[in-house]
Each structure stands twice: as structure tokens, then as C-alpha cells.
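The values are calculated or read from the model by the stated rules, or taken from the named source; none is laboratory data. Note that the structure is a prediction, hence the values are computed from the model and not measured. Because the Cβ atoms are built from the backbone with ideal geometry, glycine has one as well, and the counts that use them run over all protein chains shown.
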Amino acid sequence: MKTILLNLICFLFIGSIAAQVPMLKGRVIDKDSKEPIPFANVYWCDGKTGAVTDLEGDFLVADTAGCDTLIISTIGYSKQQLYIKSGTASVTIELSASELHLSEMVVEEYDGLIISSDYESSVVYEVVDYKPSSATHAKSARMDKGEGYADYAPSAGESAGSDVPSSGIAAGQLTAGEVNDFTKWKLWEDIKTTDLASYNTQWKLYPENRFVVQVSNKKKLPVHNATAVLMDELGNVVWSARTDNTGKAELWAGMFDGKAEKKYSINVIYDNKSYPIKKADSFQNGINFIELPVNCSEEKNVDLAFMIDATGSMGDEIAYLQAELSNVVERVKDSLPGHNVRLAIVFYRDLGDAYVVMNKDFTSNIPEAISYLRSNGAGGGGDYPEAVDSALHVSINNLSWNENAVARILFPVLDAPPHETQKVIASMQNSIPRAASKGIRISPLACSGVNKSTEYLLRSMALATNGTYVFLTDHSGIGNSHIAPTTDEYKVEKLNDALVRIIVSFSESPECDKPIVENINESDTAVMTMPAPKDSTQSIDTTTASNNDSLKVDTILPLQPVISWRYYPNPTAGPVTVEIVNLPEVKEGFLYLTDLTGKLLARYEVKESNVVQIDISMYPTGTYYLTFFYGEERKLCAPVVLMH
């Protein structure tokens, strides 16, 4: 009797809780045929609750006080946003077929079911040129109240052109930062002292034993798409990668176990010919240089793929991302005249959702790809991890990456890690080196929800494939909170600006038949001045002094001398002299040489002498950057052009 009574009480208690949550029942049908539409994504505009229609087109979704707009999207139909009046119990939704048409669905066996379809149609940071619009402030206030992005409308001064999709969201609102660990390699080497220390064993990723090879031709121009293979003493392949737009390839030993041997060799393969480097130096001992008797690389193809987490938790940002990416691709095309830019889109969710992975393959028809991008919204998910491994497999192996591209960049856009099973980790360990060997630079974009464990995973993937790590910040006031990365400093800029900058820097290369500098007759000396320190002048008012016997005269403390530098010649054939002016004798600084992408190449200590002599003649023709660090915050940075 007690058991029956207890069960009855539990049933009534659960029922009373359920009764407190209003539910919306509905059906989604085709506007013309009135037939039910199964597997449609139905979710509220705040992205917090949603559902997928069953075979009869029916759905049941918990109501939410966060917003009053329901979003419905599915393959082959135009996305619809529907105002739902408070208290509505049921609704029938009619969708109109879109102009795009589905090709045949392909089902593949890969660690579970993957459905792939293809349309044939404490950190220091610096805010860079970001001024939130009044609309952004209003959006931030609405988010604080739990309202969703469907309430957003562009301000009077905002563009209503192609960068504003039907949702009314304009590009240029999300803010982001970047951590390029190749630029901060010393910091990454010291990772064991940070809060990321324990995650290498969790994800079985150890980007520690690094080898860099620089490939150029006899004219000292970078060679793109050469295959560099790192081998152990027995001739086993340890890692393989392609040279990038600067002619460099990143190779790794012990990536999945942290173990490294004493001796390695490198084999560079180009145009079916092999060029050996019998003794490979690890990066701590320098870069491995090799010249090939080949012609100049003239690739003008750029492949960009966005691999987007489309689960419900991405609802707070995915609509903004749709607006940003359209703007990014068009600006990249404008910044790279003469280049053929192709775009691919991959959406993924998780096992058990309406789909696991679906994609549109590479196309030069950017509007068509953007239409596909905008036709999908967020839905599904439920637990924290998602099918990242499945999406990575499809993105790397199923997309038609151009073998002759100067840049192949994959941007995973996500807020959650893959599942931590043995099978998933094995899948990741298969996909990451596969991407490196194909020259696909994985550059993750971390959204709200990413934790420190996921940050380590994403930054390791970027290092393994010669990419970079990008993350959204809270400065836009859009979406949920975002964690700051583990690093010393980063700059905050608009997301679209950051992506354009990264893509262009990964794609630019010296022209074969054009000089890198239009006018070489300019002055061969560049002079720069360190930003002046805060005014330390202290003056005592003479009126006050006259009334005080202890204060007879004005007291003025002198300003500290301004540190400046000059470096010459510029352009140079190799030798560069750097003179640091007004560097206190008791202080020291460091001079860094980086390439066009910000990758650290060399480090010089400035201590006993304020004059540093360097030689960069071993690098290929191109633009490099000299950066002088003095103390923790001040720095000078300027370009130096190398011409052979």
C-alpha cells in the first residue's frame, strides 16, 4: 500500500511539474500539396528549446518566455519565422518549397550513421577599431532580458543590402580574437604551467615536437604544395604536410603519444621528384631550409569550408554567423583579385538527431552556397558533446578540395567538443593527420559554451594542421558568455575583419613576374618611435607655493626618454641592421622575426648592445615583420621586404 501511495505521489508530483511548463503542439505541412513534412527543425528564436517533426509532420515543443517567434527550417524549403501569440496551444505551419533541389542522399558507414547530402544548386586584450552600434547595445539589453535575436532590426544607419538576410541581421556585429600559437610558440611550450596542462592526456594530442621546413626555388620564391614527409631512422613516415603560401610546412613527431626519437629525416616531394634532408633539426634548433630546381608557384585557387555545429545550443549565434560569412567571402574575393575563391558548407549535429552531417560541396557560385547556408537553422542536440568527429571526417575526405589551391582552410564553427569515446578519439587521430597531408589548415572558431578542455583540443588541431585559433568574445553583447583563452594577450576585432585578415594572409604570395615593391628608390631606412609613456610631469601651483614656506619653486619631474628604432636597408637582400635608441642599459628587449601570417621564425636578444645585425637571406622573397618587445606591454612592429 505504501509503495502504491508513493508511486501515486511521485506521479502526481511529476504531473504537476509538467503542467507548469506550457507546451505548443503543431504540424508542418507543404503549402501546395498539404502533405506532412517530416524531420523539419522547429525551435524558438532564443535557441533554448526546439523539436524535430515526426513522420506525420507533428511536433511538440516546450513554450518559452524568452521570445515569441518560432523558426522552422528543413531541407528543400524556405525557412520561416512565425509569431506565436501567448497562450496558443496548437498551430499548423505551411512551408513553401525553395528553388534549390536536393540531389540523391548518400548513406555512409563511419563510426555510426552519417547522412551526407549535397545541393546541386586574465588576459590582456586590446580592442581594435570596434564601436558597437546602437542596435548592438539594444540587442545586448534584450539578451539580458532573455529575448531572442528575432527582435533585432538594423538601425537607420545600417546597410540593408546583401549582407542583411531575411532575419534582419547585419554583418559586422560579432567580435572575436585570435591566438596563433605559432606566433607565441614559447608560450605554448610552457603550457604545462597553465590551466590547459592536463588536457593532452584527455585528447591524446601532444603538439610539442615540432619540425619546420622552408621550401623555395632557385630564385628564392616560395614553393607551394610541396609534400614534406618526416621519417624516423627506420624510414617510417611519422608526419606528412603540404607547404603553404609562404613555402613552409609544419611537421610533428609524437603527436598522439608525446614521444620523440633522437634522429629524423625529411623528404620533400614535388612534381614526382624527391629531395631529401638527411638530418632534420627540430624547431628549437632552427628551420630546415631546402631549395628546389623548380619554377615559380602560380596557384590562384582558394578553398574555404565552414563546418558548422547546427545543434540547438548554437541558436544564439548561428543567425549572426550566417550574415558574417556572406560578408567575409565577398570581401576575400575583393582582397584577392585574380583568385578563384570556392566555398563549401558542412552542417552537423549529433547521433539521434534529424541528421548527423550534411553538406554542400565546393562551388564558385558564392550566392548559391550562401543560400544553402541561410536555409538551415539550429536544432537537435541535447547533451554537451556533438558529432564533431563525423563532421571532420566528411569535411576532410568527402569535399572536393583543390589539389592546386594556394590555400585550403577549414573553419569548424562550434560550441562543444566531440564525444570522449575511444572510437571517436581514434577517428580524430585519423582525420587530423589526413588534413595536414592534404594541406587543409584547420582554423576553429570557438563560440559560447567552449570550455578549457575544448579550447586545448581546438588549438592542438590548429597547430597540427598549420592553422590558427579564433574565438568569439563578449564585447559584442551577442549570445551567451565566452571564455577568454589561456594566453598573455589578444586583440579584439570584428569577426568578419578577423576572418578576412586570416584568409588573405593564408593566401597571399609574391607574384612570379612582378616585383614585390613597386618603387625601390625610396629611402632605405625606416624609423619608428615607441608610443610615448604617460606624461609624468608634475608641477606645483606657484600660487600655492607662495603661501607655503616649504614650497619655494615649481618642481618638474622630467619625462622618460622615448624609445625608438631604425632598421635598414629596407628592402633588403638579406642583411638588416636594427638600432634601438634610448634603451636603458639596465633593461633588455627582444627582437622577433615573423612571416606574413605572424608565424615566429627567429628571436634575437637585445641586451649588451643596442645594435642588432641579422641576416634573413635564407628565407624566400616576401614581406616579413620585425617586432621589438621591451617590458611587458610596449612594442614596435614594422615590415621589412626581402628581395633576392
*Among the residues listed as Val91, Val61, Val28, the single one being at pLDDT below 85 and either part of a helix (DSSP H, G or I) or β-branched (Val, Ile, Thr) (or both)*: Val61
*Do you know which residues across segment 185-222 are closer than 30 Å to Ser274 by Cβ and either in a loop (DSSP other than H, G, I, E, B) or charged (D, E, K, R) (or both)?*
Leu205, Tyr206, Pro207, Glu208, Arg210, Lys218, Lys219, Lys220, Leu221
_If I filter segment 567-589 down to residues being surrounded by fewer than 16 Cβ atoms within 10 Å (Cβ to Cβ) and part of a strand (DSSP E or B), which single residue comes out as modelled with the lowest pLDDT?_
Val581
*Among the listed residues Val394, Val413, Val406, Val450, which satisfies the condition of being part of a loop (DSSP other than H, G, I, E, B) and either among the β-branched types (Val, Ile, Thr) or surrounded by 18 or more Cβ atoms within 10 Å (Cβ to Cβ) (or both)?*
Val450
*Yes or no: Asn402 assigned by TED's automatic domain parsing to the domain that holds Arg501 and closer than 20 Å to Val52 by Cβ?*
no
*For Gly377, indicate whether it is out of contact with any Pro (no Cβ under 6 Å at 6 or more places or on another chain) and at positive phi.*
no
*Can you tell me which residue among Ala319, Ala241 is touching a helix residue (DSSP H, G or I) at 6+ places or on another chain (Cβ under 6 Å), in the same structural domain as Ala416 (by TED's automatic domain parsing) and crowded, with 22+ Cβ neighbours inside 10 Å?*
Ala319
*Could we say that Ala435 is surrounded by 24 or more Cβ atoms within 10 Å (Cβ to Cβ), of a type in the set (Gly, Ala, Ser), in contact with a Ser or Thr (Cβ under 9 Å, 6 or more places away or on another chain) and part of a helix (DSSP H, G or I) here?*
yes
*Can you tell me which residue among Val424, Val500 is in a helix (DSSP H, G or I), within 13 Å of the chain's Cα centre (by Cα) and surrounded by fewer than 22 Cβ atoms within 10 Å (Cβ to Cβ)?*
Val500
*When Leu234 is evaluated against the numbered criteria (1) among the hydrophobic types (A, V, I, L, M, F, W, C); (2) outside the structural domain of Thr473 (by TED's automatic domain parsing); (3) crowded, with 18+ Cβ neighbours inside 10 Å, which criterion, by number, is the only one it fails?*
(3)
_Quick check on segment 398-405. Is at least one of its residues in contact with a His (Cβ under 8 Å, 6 or more places away or on another chain) and not small (Gly, Ala, Ser)?_
no
*Return a yes/no flag: does segment 275-285 have any residue that is buried (at least 23 other Cβ atoms within 10 Å of the Cβ), in contact with a strand residue (DSSP E or B) (Cβ under 6 Å, 6 or more places away or on another chain) and in a strand (DSSP E or B).*
no
*Count of residues meeting criterion [under 17 Å from the mean Cα position of the chain (by Cα) and outside any helix (DSSP H, G or I)] in segment 311-332*: 1
_Residue ID - surrounded by the most Cβ atoms within 10 Å (Cβ to Cβ), chosen from residues in segment 612-644 that are assigned to a strand (DSSP E or B), at pLDDT below 85 and of a type outside the set (Lys, Arg)_ = Phe628
